[in-house]
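Colleague: Take a look at this one; I'll ask things after.
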Amino acid sequence: MMNLFSKNQIKKVVVNVKNHGYKPETITFKQGKPAQLKFIPSDSMSCMNEVVFKDLGIDEKLDGKKEVIVNIPTDKPGTINYACGMDMFHGKVVVK
């Protein structure tokens, strides 16, 4: 039996947010496939209490939240960078 949802299923990747960075730091998605990142913050956050995707115009507070979901555009190949609120710790999404 064919799964009717397999073509449009969203690929979700969990990113653990720690005091010293993102795990994993690099995530790869396939072009044209719906994609999301789910940020899971730790208890003590410092400047990691915020995640900023400058190119996407996204600035999400992580403080006091169990998770924050960010939809990733996969319409064209490229690299989308993100960082903490102070731009000290970085991660990236590669769409190919």
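The values are calculated or read from the model by the stated rules, or taken from the named source; none is laboratory data. In this text the structure is predicted, and so the values were computed from the model without any measurement. Every residue, glycine among them, receives a Cβ derived from its backbone with ideal geometry; neighbour counts consider all protein chains shown. Just so you know, the surface numbers come from the protein's heavy atoms only, side chains and all, with ligands and any DNA or RNA stripped out. Shrake-Rupley method; radii C 1.70, N 1.55, O 1.52, S 1.80 Å.
Colleague: Report, in debye and to the nearest 20, how large the dipole of the chain comes out about its Cα centre when Lys and Arg carry +1 and Asp and Glu carry -1 on their Cβ. Intermediate values should be presented prior to the final figure.
Modeller: Details: 15 positive and 10 negative charges, 116 e Å.
Rounded to the nearest 20 debye, it is 560 debye.
Colleague: Let me ask you something else. Where the centre of each part is set by its Cα atoms, how far does segment 56-96 sit from segment 18-52, in angstrom?
Modeller: That distance is 6 Å.
Colleague: Which Cα, out of GLY21, ILE10, SER42, lies furthest along the positive dipole direction of segment 7-47 (beta carbon charges, K/R +1, D/E -1)?
Modeller: ILE10
Colleague: Below 13 angstrom from the Cβ of GLY64, what's the summed charge of the other residues (Lys, Arg +1; Asp, Glu -1)? Walk me through the numbers on the way to the answer.
Modeller: Numbers: positive: LYS61, LYS65, LYS66; negative: ASP43, GLU50, GLU60, ASP63, GLU67.
Here the charged neighbours net out to -2.
Colleague: Using the heavy atoms of the protein chains and a 1.4 angstrom probe, tell me the accessible area per residue for the chain in square angstrom.
Modeller: Working: 6310 Å² over 96 residues.
I get 66 Å² per residue for the chain.
Colleague: Over the chain, what percent of the accessible surface lies on carbon and sulfur atoms, probe 1.4 Å? Walk me through the numbers on the way to the answer.
Modeller: On the way: 3280 of 6310 Å².
Result for the chain: 52 percent of the exposed heavy-atom area is carbon or sulfur.
Colleague: Express as a percent, rounded to the nearest 5, the fraction of DSSP beta bridges in the chain (both residues included) that run antiparallel. Working shown, then result.
Modeller: On the way: 20 of 31 bridges.
Just about 65 percent of them are antiparallel.
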